[in-house]
Amino acid sequence: MQEGFPFKIFLVDDDSFSRAIYEQLFRNMGCTDYKSFSNIVDCVSRFDEHPQVVFLDYRTNPARGLKILSAIKKIIPNAYIIFVTGNSGIIESLFSLKHGAFQYMIKDKDYPQQLTQVLSSISQMEKLAYKRP
């Protein structure tokens, strides 16, 4: 990830401290094209900018987590949606993945490594998809 991450990233988290951590991690990884939002409404209003990756705090609005995922996938079908939460929930993670989320990450001590791995995986998948005949 030395060359940076060449995709537009949107981040939705209602916790300003968490957003600041994400932003610092993005900068440390060389990501320069990202925007952060405190709520999903502001994020969706900017979808005309075509983000390729959306990090979404599952707990920002848990009652609508899967509905939000479905709505995002309808607007931007090829976007990588990564749910992030401070609470692990096996049922939530399985449902999220089944309904189109790319990843479900837990905010814990390994979070920076998880973020790096997810973005590296996306980069690799995009490289492989681009090379397809």
Let me have the relative contact order for the chain, percent, based on Cα pairs under 8 Å that are six or more residues apart.
22 percent
Can you compute the modelled spin-label distance between residue 50 and residue 120, with each label point 7 Å from Cα toward Cβ, in nm?
2.9 nm
Run the numbers for residue 27 and residue 15: contour at 0.36 nm per residue of separation, minus the present Cα-Cα distance, in nm.
2.5 nm
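Report, to two decimal places, the Cα Rg of the chain normalised by 2.2 N^0.38 Å (N = number of residues). Mind showing how you got there, number by number?
Details: Rg = 13.9 Å, N = 133, 2.2 N^0.38 = 14.1 Å.
Here the answer is 0.99, to two decimals.
Give the calculated FRET efficiency between residue 35 and residue 91 to the nearest 0.05, with a Förster radius of 41 Å applied to their Cβ-Cβ distance.
Numbers: r = 30 Å, r/R0 = 0.74.
In this case the efficiency is close to 0.85.
We did not get these values from a lab; they are worked out from the coordinates using the rules stated. Here the structure is a predicted model, which is why all the values come from computation and not from measurement. Cβ sites come from the backbone with ideal geometry, for glycine too, and all protein chains shown count toward neighbours.
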